[in-house]
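Read the structure below first, then the notes.
The values are calculated or read from the model by the stated rules, or taken from the named source; none is laboratory data. Here the structure is a predicted model, which means the values were calculated and not measured. Cβ placement follows ideal geometry from the backbone for every residue including glycine, while neighbour counts extend to all protein chains displayed. Ligands, DNA and RNA are excluded from the accessible area calculation, which covers all protein heavy atoms including side chains. Shrake-Rupley method; radii C 1.70, N 1.55, O 1.52, S 1.80 Å.
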Amino acid sequence: GGGIKGGQSVGTTDELGSAAVESPFHVKHLHATILWQLGLDPNKLSYFYGGLDQKLTGVEHIEPIRKLIA
C-alpha cells in the first residue's frame, strides 16, 4: 500500500547476513522514501529545535529509494 511495491527485496547481503554487499542503503533513505510517499520533500522539511533548523534526514541531500516506489 501507499505506493510501495510489495513483496520485494532491494540489494543483497553476505552469506551471514551481517553486511550489505549490493545496494547498501542507510535508514535515512528509508525515512526519505516514507516522507516522499506522504507528499513531503525530505530535503526541504525542517523543524526548529535547540536554536537550529533540523532536518529529519540529516544535513546531506538524500534521495528516496526509487526501486521501492510503485
Considering only the range 15-39, how many residues are aliphatic (A, V, I, L, M), free of Cβ contacts under 8 Å to residues at least 12 places away in the same chain and open to solvent by 70 Å² or more (accessible area, probe 1.4 Å)?
5
So, in the range 58-70, exactly how many residues are open to solvent by less than 70 Å² (accessible area, probe 1.4 Å) and either at pLDDT 90 or above or closer than 21 Å to Gln8 by Cβ (or both)?
5
